[in-house]
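Right, one structure below, let's go through it.
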Amino acid sequence: MTTMFGNPGSTELPMLHGFPGDFDYVLGLQEAVVVGMADGYAQASDRPTLVNLHTAPGVGNAMGAIFNAQANKSPLVLTAGQQVRAMITLQANLTNRDAARLPHPFVKWSYEPPRAEDVPAALGRAVHMASLPPRGPVFVSVPMDDWGAEVDEDDARRAAERTVTGLAAADPAVVRSLAERLAQADAPALVAGPDLDTSGAWGAAIALAERQRLPVWATPAPGGGRIGFPENHPNFRGTLPPAIGPLGQMLEGHDLVLVAGSSVFPYYPYIPGPLLAQGTSLVQLTNDPDEAARAPMGDAIVADVRLTLEALVEAVPEAERQAPEPLGPPEAPEESDPLSPSTVHAALGEALPEDGIVVLESPSSTMALRNQLRLSRPGSYYFGAGGGLGFGLAAAVGVQLAQPDRPVVCVIGEGSVQYAVTAFWSAVAYSVPVTFLVLRNDEYAILKWFADLEDVSGAPGLDLPALDTAEIASGYGVKAKRAAGLEELRGLLSEALASERPELIEIAVAPGMALF
Ligand SMILES: Cc1ncc(C[n+]2csc(CCOP(=O)(O)OP(=O)(O)O)c2C)c(N)n1
């Protein structure tokens, strides 16, 4: 680790004393943003990432972001300061009174070392716990006087130098049996999940799809934080709907569905129906025992997704089935004033270089973006799998810090911006050249759509008049412009994408849900 994301208080200053020159400190102005930036950084750098929060209130502020990081399987090593040991029992001001319990149930492991001398080993253990599959956030509370204690240098070095790997392929007999099931199936399909991206399995997924002529679906968009298969590939069929009934129907006609690197499934909203059509069976491949155990149907194999797919590619024959029908180009959006979100996404699709990265938090136009963009390089898409707003803006800054050579665009609703608005400051302070594309529809559009679905009428609090995000971002130092129409949007997008500083484009869009 070479970067720490934090927001300091008096209880953290001893940890920052003599801050090492080979470490960078990234200041976030509120803890949800600190964790959101670290989440994006951890995912896009593929490394465990260090975070420092301010005792109980700092962890409290960060809880929504820790929830998101858990859903994203982000390997975050969260630390927080704590009162001096001598004053914890009498509960002096700022004591985190039950520090290890506080971040539950959103962390894999949570600890306050019993002695100062145990802090190095606890941090070592935290790094390994965060990084072992399935990855996720962990937490260590460190009393502020511990940093001045003597430790055994040799023990500390030994703790720091250990390597622990957790990659494990599936039992070869299980792979052989799956290969036979695939080869004998009449119409098998592949569902590509976010962990294909995390585990570096794009190549294996493409090889399997081509060898077995599998149509490939992306796991449902709202819960699928990353893309695991090139969406411009001829075998790609689209993104699965996120509800039980429609998803089961969409897979109808496939006698075997292999779901790789995803939960089964990240459903929402509740639209009941058969989980799968008659005659469809399912096998899930996941590195997460909990994902395997809680799936409501199908068999599951718990193993590293890349290693197992690579073994599967070796074990399956070249299929003679007909190649899947290509999806065809995205639907051309209709002209409207104000522009539809789909028109905005189509313009982004034209402007975005092939190595561009999209961080998305535009709830009512998630599907429209996925349908318009067809992202096709690994590590090109990050979405808050937990559904808590505040991920997008902060994570985009972290992703850009981890991937300085790839242009990052944060596509975000003006409502969503407000949950992580101080991330603008960090983007400016550290010259992080994210392009923020803000879709302004003056409402919580997705909630109006949900209100219809839930038969709710007359709900208050769904309109956002006069929320001027360009003005707000300017206050944090971001160069911000409002695009008056499509031509201006195109020009501003290409300028911002080429710029070496953070820039924001606000564009008015039509209200309502956008699917295509
Ligand atoms: C932390 C958190 N609070 C509230 C919500 C509920 N919520 C989901 S979408 C949404 C509206 C987002 O508004 P905006 O970004 O403008 O997007 P639009 O729906 O208009 O596309 C809200 C409030 C949430 N998901 N997370």
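The values are calculated or read from the model by the stated rules, or taken from the named source; none is laboratory data. Since this is a predicted model, take the numbers as computed values, not measurements. Reconstructed Cβ throughout: ideal geometry from the backbone, glycine too, with neighbour counts over all protein chains shown. Remember, those area values only see protein heavy atoms, side chains included, never the ligands or the DNA or RNA. Shrake-Rupley method; radii C 1.70, N 1.55, O 1.52, S 1.80 Å.
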Step by step: first the residues of region 48-62, then only those that are touching a Phe, Trp or Tyr at 6+ places or on another chain (Cβ under 8 Å) and either assigned to a strand (DSSP E or B) or open to solvent by 40 Å² or more (accessible area, probe 1.4 Å) (or both), then the one that is farthest from Val142 (Cα to Cα). Which residue is that? Thr49
Close pairs from region 118-139: first among the basic types (Lys, Arg), partner assigned to a helix (DSSP H, G or I) and open to solvent by 10 Å² or more (accessible area, probe 1.4 Å), Cβ under 9 Å, at least 6 apart: Arg125/Ala159; Arg135/Thr198
In region 349-377, what residues are within 11 Å of the ligand (Cβ to nearest atom) and either touching a Pro at 6+ places or on another chain (Cβ under 6 Å) or of a type in the set (Ser, Thr, Tyr) (or both)? Ser362, Ser364, Ser365, Thr366, Ala368
Does region 297-320 contain at least one residue that is more than 23 Å from the chain's Cα centre (by Cα), among the β-branched types (Val, Ile, Thr) and part of a loop (DSSP other than H, G, I, E, B)? yes
Which one of the conditions (1) open to solvent by 20 Å² or more (accessible area, probe 1.4 Å); (2) more than 24 Å from Val359 (Cβ to Cβ); (3) in contact (Cβ under 8 Å) with a residue 12 or more places away in the chain; (4) out of contact with any helix residue (DSSP H, G or I) (no Cβ under 8 Å at 6 or more places or on another chain) does Asn232 fail to meet, given that it meets all the rest? (2)
Residues that are in contact with an Asp or Glu (Cβ under 8 Å, 6 or more places away or on another chain), open to solvent by 20 Å² or more (accessible area, probe 1.4 Å), closer than 30 Å to Asp24 by Cβ and of a type in the set (D, E, K, R): does region 487-494 have at least one? no
Out of (1) hydrophobic (A, V, I, L, M, F, W, C); (2) over 21 Å from Gly18 (Cβ atoms); (3) in a helix (DSSP H, G or I); (4) open to solvent by less than 40 Å² (accessible area, probe 1.4 Å), the odd one out for Met129 is which? (4)
Please go through region 461-481 and pick out each residue that is among the hydrophobic types (A, V, I, L, M, F, W, C) and within 14 Å of the ligand (Cβ to nearest atom). Leu462, Leu464, Ala466, Leu467, Ile472
Report whether or not Leu312 is buried (at least 21 other Cβ atoms within 10 Å of the Cβ), within 21 Å of Trp202 (Cα to Cα) and out of contact with any helix residue (DSSP H, G or I) (no Cβ under 9 Å at 6 or more places or on another chain). no
Looking at (1) open to solvent by 10 Å² or more (accessible area, probe 1.4 Å); (2) touching a Ser or Thr at 6+ places or on another chain (Cβ under 7 Å); (3) at pLDDT 95 or above, can you tell me which one Met1 breaks? (3)
Looking only at region 202-225, which residues are free of Cβ contacts under 8 Å to residues at least 60 places away in the same chain and in a loop (DSSP other than H, G, I, E, B)? Thr219, Pro220
Tell me, which helices (runs of 4 or more DSSP H) wholly within region 381-460 include 2 or more residues that are more than 8 Å from the ligand (Cβ to nearest atom)? 391-402, 423-429, 445-453
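Let's see how each residue does on (1) open to solvent by less than 20 Å² (accessible area, probe 1.4 Å); (2) under 23 Å from Pro222 (Cα atoms):
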{"residue": "Gln418", "(1), (2)": "no, yes"}
{"residue": "Leu437", "(1), (2)": "yes, yes"}
{"residue": "Ala445", "(1), (2)": "yes, yes"}
{"residue": "Arg501", "(1), (2)": "no, no"}
{"residue": "Met513", "(1), (2)": "no, yes"}
Report, by residue number, each residue of region 238-258 that is part of a strand (DSSP E or B) and in contact with a Phe, Trp or Tyr (Cβ under 9 Å, 6 or more places away or on another chain). Gly238, Thr239, Val257
Could you tell me whether region 77-94 includes any residue that is among the charged types (D, E, K, R), closer than 21 Å to Val119 by Cα and away from the ligand (no atom under 16 Å from the Cβ)? yes
Regarding Asp290, is this residue out of contact with any His (no Cβ under 7 Å at 6 or more places or on another chain), under 22 Å from Gly228 (Cα atoms), surrounded by fewer than 12 Cβ atoms within 10 Å (Cβ to Cβ) and in contact (Cβ under 8 Å) with a residue 12 or more places away in the chain? yes
